[in-house]
């Protein structure tokens, strides 16, 4: 049994033909994966669509989503990495 973790998925897509169709195809792939989307940012320019996704799930499922995304003809590049956990320091003083 693998543990769930937080991951950052970055997708670069071509913005040549129909912008929204490319994004919807990618979202349908992500929707089929067994991951929970925590945050998503879509940045569209004249030539490129950049999608940054913070997801939670098992690494095998995140890898599955990325492999499926990579097969879409609009997708230029897909990568994922574990999201770093930042510890907050708390200092308590008795005086």
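Things worth noting here:
- The angle between the Cα long axis of helix 59-70 and the main principal axis of the chain comes to about 30°, on a 0 to 90 degree scale.
- Value of [θ]222 nm, deg cm²/dmol, for the chain, DSSP H segments ≥ 4, -39500 (n - 2.57) each, nearest 500: -8500 deg cm²/dmol
- Full-stretch length increase - residue 21, residue 8 - with 0.36 nm per residue and alpha-carbon distance subtracted: 2.4 nm
Since every read-out is calculated from the coordinates, none of them should be taken as a lab result. In this text, all values refer to a predicted model and were calculated from it rather than measured experimentally.
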